[in-house]
Amino acid sequence: MFPCHSSIQEVQFRASSDLVDAVLKTQSSAPKAGKREDGEAVVAAYSPTTGYTLKRLVKGLASGNAGARQGFALALTLLLKRLPGMTADDAVLLLASYLEAPSASKGAETRDYLLGRTFGIGAIVQARVPASTACKAEMIDQLLDAGVLKSFLREAAATVILDLVASETEESVSALLSACAPLSAALSASIDQSTPETGAATAAASAAFFAAPHLTTLVPLLTFTTANHPALHSLWTTLLAFLCPGEGSVIADAALEALWMRVVEPELVGSGSHARKYLSITLFLRLLPHLTADNVATVLSPPFLRFLSTNVSQRKAYLHASAHRCELALVAALSGDDADLALAVSLALQRAGGSLWDRSLDAAQLAELVERQVAVISSACGALTLDDEEAGEEGAPPLEAPAAATAALESLWAAVKQESATEESRQAVFRLLAALAFLEPGQEAPTPQPTRGSRAKAAAKPGMEDPTMQTLRAAGASGAALRPLAAARLIALADFLAKRPVAPGSAAPSPPLADLVAWVEGALSSGHARLARVGAGALSSMQPLREALSRATASADAGGRGRVAALTHLALLLQLYEWADPSVVDPGVGPDLADVVDRALCQAGAEVDGPRAGVNGDAAPAWHDTLVDVVLSLLARPCSPMPSAPLRNAAESVFRVFATDLTTTGLQDLLRVLASSAGGPEEVLGAASPSGQGNDSDDGLGATDAEMFRMDAKLAAYFATIKNGKGGNAKAAAEQLDQFKLRVVTLLEYFLKRSPASPLVPTAAVPMLNALAVAAKPSGSQVLSQRLAGLINSKLVKTKPGAAGVSAFEPEDLAAALKRSLYLASRSADPVVESAARAVYTFLQRAAAGQHSAGDGARAVAALESAQAAARDVLASRRTRLDRAFFANLLGRVPTLAPHLLPGLLRGCSGARSEFVRAEAVALTQLALRTGQAGVAGVLGDRVADVQALLLSACDRGVFAKPARQAEAARLAARMAATLLPERR
């Protein structure tokens, strides 16, 4: 019997079989007849050796030594199956008599007892001995009780129950459900009230098992399976069998995405439980052999890769070994035979970032992949061309791109983004994408007779010997089905490669955009291809701009090369967008930018930038105002189905290099966009004024009536573009407008970084503050509010006003701006707006401080009167939110205000509305005395009566009831008296 303890299965099998054979030899006759009411009676019915063996095997089920429980359960199963006259009712009596239940206080013994009983009932079921319905119901009750007492036993108990029920007929199952109420209740319970073992059986009957709502309902059951950690619960093996039925089967993308995004990533990877995270690793390793290039990105999501990276890099992490196994599996996938899968895995790892996942395919793999995918596109388009006759008929549905060709395009786009991709592979993919995106086969030009030097020129032009043009010719009209995808991927790829940094010591590659545009133009001039979508000015609208850039490149100095490069990148992108879809690019953009280049970058810029005649004979706007108009129109215009990010990034780059030349009108355009609403420009006239008083107030930026009219027309055009791009949906248009405002905030940040000492900076403070107050409302945009607050607090108020100070303000506009910022600082209930308003008010006062020394009386008086109004507000108003910290910061930044605040503060020390406010006035007066010592004596000399009143207040209990406040007032009065005495002498 001892070898049954072995943990080696082969030894257990042999020992159990030998034991049963030996026992049966001693049982030569049938068991004794009679009523058996307990285990003693069952043992007495058999030979002494058989009885002893039965008792020893039953008691050994509760042993936790090595493999004793498993070995004894195996021996008991064999013995019960071969012992004559044995029934399940007798075996249950044996368990009840010889498997002793410990006291409730002994947890380990209770665990061993429940495990022994579960194994014992399992042995009875596996022996397939006769059993009455009552006996079966009793065994099921005991198994369910074990699952309730110990959650880790639920799966084992359910397995035994399923084994028991599987061998029954329908009639016997019905009788069993009638006799066993707990089993009937468990199977009929709803999913949200079930255990994983019973709920999954009910849920499996659903036709849409992997539908997102269904999986959301199963989440509690699926997460509870980690009670079996580290073993994988059988529920998951069942689900995986549904997901990938057999060896080499492909997983359905929708089912995998629903399972991973609804269950694995949020509930397992995002959990704080190590057991659940370990389960996510186990599921990943089970799914990896069945993944394809189309769905591997779903599993290798950024959260999951971050989790793996963290545990791989930390050797002491609890899950380090498991995460390392995942890393090894991914490395094996990268070097496997499936090049498409390897590419998808490599891209997913690179998107996650970090040196740990910086793994690329080698150049040979990429070259082979590119060659294969080009062949796939050619064959797929060629097959589609056979049915092109029907597509050309009127009323026929548009051609759909073949799935194989679409997948091949995606693979090519991803392949050439790899670091290891060769320049030859990139050029081949670029030309193929360009041909499918922009071109269609044209009438071949007549071949001229070769002359001296013509061979070199012909080699630079793509002819029919070019494999790319051959693919285009094979595709025929079917290339239109691939055109939108090819254009989108080509533009995104060209922009990506143009921004890729050059490794130190390596030669700079040729600009991909310039090479691409040159190749397309060569294909057009050769006569072998023509533009697939010819719109108004598709070939000529960008020509003036490119010619102007050629002139500017020849004459640009070191400082202007960066501007030329930014404009050139934008011009080439605009050319690609125009070839792909002429409606995306306004035909006037090219001439406008050409005018900007001529007036800003040519050598005779000073002469060219003189007054020009506009359309109606008026003076044309400054070149930078035209540039701002173009940039805003590009930021507002939707580009779907092409990617909008490359064009918008290029427009922002152009603005950044020209930000130092921003004019008052250009800044006004940006600020009025921030003040706009989704209703259109008619709702925002005057909204950008520093005072925020609406239509009756000037905007304070010096705009003429003509400029205001022009600006409102531009805003109307921006709003129309946004609304048309969203199909008239009001909510979507409002969201798009918020995105537009965020891009304008980025432009303002560029301006503040490049021109922090510009006299225009103070004029932007209050309009930005007004936009923040609107965005911070419940109906506003939280993202825009945070962005504006960060820009105001970290950039705008930290700039250093130049010598011009607030000279860009008219005196009345400066007073209105100070009044508006003070109002928001003292009345706003939003802490974000209040903090920004305080910073803006202090910034404006600091900027206005330079007007004192410059002798600008009107602006200086406006600033001083505003500061005195702030002091009166804190002493007289109950609604104010201004406090001592506000004035401490204000006087610390602008100490010249202190002498002008002293008279009002002195009166408040004895005549303010409450004792608390009078005590605040005393503290503020002390602060003013410390920060403005130079002019204090002269002010106090004219305020002797106020000083005397303070002395009397310090002695009056009716003014200051608290002794501490009385003492502070007395010290202040003594200090001022000491200041006055030398003056009197």
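The values are calculated or read from the model by the stated rules, or taken from the named source; none is laboratory data. These figures come from a predicted structure and were not determined experimentally. Note that we place each Cβ from the backbone using ideal geometry, even for glycine, and neighbour counts take in every protein chain shown. The protein model used for the area step is the full one, side chains on, heavy atoms only, and it has no ligands, DNA or RNA in it. Shrake-Rupley method; radii C 1.70, N 1.55, O 1.52, S 1.80 Å.
Observations on the model:
- Out of 157, 137, 123, 131, sole residue that is assigned to a loop (DSSP other than H, G, I, E, B) and either without any contact (Cβ under 8 Å) to a residue 12 or more places away in the chain or not charged (D, E, K, R) (or both): 131
- Among the candidates 556, 538, 480, residue that is open to solvent by less than 60 Å² (accessible area, probe 1.4 Å), closer than 25 Å to residue 586 by Cα and modelled with pLDDT of 60 or more: 480
- Against the conditions (1) open to solvent by 30 Å² or more (accessible area, probe 1.4 Å); (2) of a type outside the set (S, T, N, Q); (3) assigned to a helix (DSSP H, G or I); (4) closer than 19 Å to residue 167 by Cβ, residue 96 satisfies every one except (4).
- Note on segment 36-57: residues that are of a type in the set (Val, Ile, Thr) and surrounded by fewer than 24 Cβ atoms within 10 Å (Cβ to Cβ) amount to 3.
- The residue pairs whose first member lies in segment 320-333 and is assigned by the TED database to the domain that holds residue 274, whose second member is open to solvent by 30 Å² or more (accessible area, probe 1.4 Å), and whose beta carbons are closer than 7 Å, counting only pairs six or more residues apart or on different chains, are 320/314; 322/278; 325/285; 326/285; 329/285.
- When segment 398-427 is filtered for residues that are modelled with pLDDT under 70 and touching a helix residue (DSSP H, G or I) at 6+ places or on another chain (Cβ under 8 Å), the ones remaining, listed by number, are 398, 399, 400, 401, 402, 404.
- Residue within segment 7-16 that is hydrophobic (A, V, I, L, M, F, W, C), assigned to a helix (DSSP H, G or I) and open to solvent by 70 Å² or more (accessible area, probe 1.4 Å) present: yes
- Wholly within segment 274-348, helices (runs of 4 or more DSSP H) carrying at least 3 residues that are open to solvent by 20 Å² or more (accessible area, probe 1.4 Å): 274-287, 302-313, 320-334
- Any chance residue 134 is under 21 Å from residue 53 (Cβ atoms) and either of a type in the set (S, T, N, Q) or open to solvent by 60 Å² or more (accessible area, probe 1.4 Å) (or both): no
- Pair list, Cβ under 6 Å, 6 or more apart: segment 299-319 residue farther than 10 Å from residue 265 by Cβ, other residue in a loop (DSSP other than H, G, I, E, B) and of a type outside the set (A, V, I, L, M): 309/354
- Any hit, segment 428-436, residues being at pLDDT 55 or above, among the basic types (Lys, Arg) and open to solvent by less than 40 Å² (accessible area, probe 1.4 Å): no
Per-residue answers, yes or no, for (1) touching a residue at least 60 places away in the same chain (Cβ under 8 Å); (2) open to solvent by less than 50 Å² (accessible area, probe 1.4 Å); (3) of a type outside the set (Phe, Trp, Tyr):
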position	(1), (2), (3)
752	no, yes, yes
755	yes, yes, yes
780	no, yes, yes
797	no, yes, yes
823	no, no, no
830	no, yes, yes
836	yes, yes, yes
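- Failed item, numbered, when residue 774 is tested on (1) out of contact with any Gly (no Cβ under 7 Å at 6 or more places or on another chain); (2) at pLDDT 90 or above; (3) in a helix (DSSP H, G or I): (1)
- Failed criterion for residue 379 (all others in (1) open to solvent by 70 Å² or more (accessible area, probe 1.4 Å); (2) modelled with pLDDT under 70; (3) under 23 Å from residue 492 (Cα atoms) hold): (3)
- The condition of being under 25 Å from residue 862 (Cβ atoms) and either in contact with a Gly (Cβ under 7 Å, 6 or more places away or on another chain) or buried (at least 23 other Cβ atoms within 10 Å of the Cβ) (or both) does not hold for residue 927.
- Against the conditions (1) part of a helix (DSSP H, G or I); (2) in contact with a His (Cβ under 9 Å, 6 or more places away or on another chain); (3) open to solvent by 30 Å² or more (accessible area, probe 1.4 Å), residue 65 satisfies every one except (1).
- Any chance residue 584 is modelled with pLDDT of 85 or more and β-branched (Val, Ile, Thr): no
- Of the numbered criteria (1) more than 31 Å from the chain's Cα centre (by Cα); (2) farther than 14 Å from residue 498 by Cβ; (3) polar (S, T, N, Q), the one residue 583 fails is (1).
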